[in-house]
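No lab work stands behind these numbers, since they all come straight from the coordinates. Keep in mind the model is a prediction, meaning the values are calculated, not measured. A quick note on method: Cβ atoms are made from the backbone with ideal geometry, for glycine too, and the neighbour counts reach across all protein chains shown.
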Amino acid sequence: MDECLQSIISQTYTHWELLIVDDHSTDESYNLVADFAQKDARIKVFKNSGEGIIEALRLALDKSSGQLITRMDSDDVMTPNKLEVMSQNLKIHGKGSIALGLVNYFSEDHLGEGYSNYEQWLNGLTKKGTNYSEIYKECVIPSPCWMVYREDFMTCGAFDSTTYPEDYDLAFRFYKHSLKCIPTDQVLHHWRDYSSRTSRTDDHYAANHFLKLKVDYFIKLDRDINRPLVLWGAGFKGKFCAKLLKKNKMPFLWICNNPKKIGKHIYKIELYSVSALSHFKNPQIIITVANKTSQKQIRSILENHHLEKALDYFFFC
């Protein structure tokens, strides 16, 4: 935490306020931040009257006064120019925009391949400002590396939602309200990975919660009921997605590559081969196939059908 606080105090942009909420800590964290607050009037410390990260975020926002809003995780580190770059980008692009930065994962232990791949994928989107194009795959807005105007943040529902994971839900709400992602090629945030981080341990971050979030927002934001809906994939995620669609009374056609499943019925729905895609007029397609090689093949097939990503087909993993 000390390293995190020092990185904020050392920012080249100095006109900031830091709202720290102690969420019932049992170590010396509160005394540490209280000591910093005594030395720097820009730092204010509160104790969470509720419990958990969302209640803490709500309290911090309620006590804040700035017109530009961002957040920070206590174990991460800002680059010295993070606030300057992000605030300047917002001033240039104006309201209706969201400032982002590239992220760099680091760990005192071994950094897993999954986090390295996520970093590369996320940064590739941020460099182009095309984050929303793959929003149904994973969270496309890094939770501790965004900045928006307060007015826009409140319009998007701020931290009102109780849905977990709160960062992914917030990304969908940014998307819903069409906040434009400002491209950047600068690393602005060092993101620490450790074994006890919430995204590793909290049940709300399990794959089934992600899928429910995705399906709910897809139906609200991108589903065109005048077009046939096609579900591609009959593995674990495909089956779970099928259950969610049925629960939402959303009719769909089901295709897969597995010859052992083609022609069979799962949840009383017949599975067709991929070749049946030619008979579906102007479909919308949800893809739940996770294998990267298979995804490339699927993308090629869909492009040959003149279908566009994020308009006609959506990768859900």
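Tabulated values for the structure
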quantity	calculated
Helix axis angle, 292-304 relative to the chain longest principal axis, alpha carbon, degrees	60 degrees
Modelled FRET efficiency - R0 45 Å, Glu84 with Lys268, Cβ distances, 0.05 increments	0.20
Residues Arg42 and His177, FRET efficiency given R0 of 22 Å [Cβ-Cβ distance, rounded to 0.05]	0.15
Three-way shape call for the stretch 224-317 based on the alpha-carbon gyration tensor, with the a/c threshold at 1.5	rounded
Burial ordering of Thr14, Thr70, fewest other beta-carbon atoms within 10 Å first	Thr14, Thr70
Charge-dipole axis of the chain as Lys and Arg at +1 and Asp and Glu at -1 on Cβ define it, positive-most pick from Gly66, Ala310, Leu102	Ala310
Entries of Lys180/Lys296; Lys239/Lys264; Lys212/Lys296; Lys243/Lys281 with Cα pairs more than 21 Å apart	Lys180/Lys296; Lys212/Lys296; Lys243/Lys281
Nearest 10 degrees, 0 to 90: helix 53-63 Cα axis against the chain principal axis	50 degrees
Under 5 Å, built H, 5+ apart or other chain: amide partners of Tyr105	Trp191
Residues of type aspartates and glutamates that Lys249 reaches as a straight line, Cα spacing below 18 Å, ignoring anything fewer than 8 places off in the same chain	Asp216, Asp222, Asp224, Glu270
Partner aspartates and glutamates for Lys292 [C-alpha distance under 17 Å; skip if fewer than 8 residues away on the same chain]	Glu113, Glu119, Glu134, Glu138, Glu303
For His110, His209, His24, order by how many other beta-carbon atoms lie within 10 Å, fewest first	His110, His24, His209
Per DSSP, loop GluC sites (Glu not before Pro) in the stretch 256-317 with at most 13 further Cβ within 10 Å	Glu308
Length gained when the stretch Tyr30-Met154 is fully extended (0.36 nm per residue, less Cα-Cα span)	41.8 nm
Cα-based reach from Lys44 at 13 Å (exclusive), listing aspartates and glutamates while leaving out same-chain residues under 8 positions away	Glu17, Asp22, Asp35, Asp62
Candidate values [x] 33, 25, 15; [y] 29, 23, 18; [z] 40, 20, 18, label of the one derived for semi-axes √(5λ) of the Cα gyration tensor in Å	[z]
Spacing of the two label points (7 Å from each Cα toward its C-beta) at Gln67 and Gln186, in nm	2.1 nm
Amide H contacts under 5 Å for Trp146, placed H, 5+ residues apart	Arg71
For the chain, share of DSSP beta bridges that run antiparallel, in % to the nearest 5	25 percent
Met86, Met154, Met72, Met147 arranged by Cβ crowding within 10 Å, fewest neighbours leading	Met154, Met72, Met147, Met86
The chain: angle of helix 29-39 to the longest principal axis, Cα-based, in degrees nearest 10	50 degrees
Theoretical FRET efficiency, 1/(1+(r/R0)^6), r = Cβ-Cβ of Ser294 and Met250, R0 25 Å, to 0.05	0.55
Mean Cα-pair separation over length for the chain, i.e. relative contact order, pairs under 8 Å, 6 or more apart, %	16 percent
Centre separation in Å (Cα based) which lies between the stretch 38-99 and the stretch 108-136	22 Å
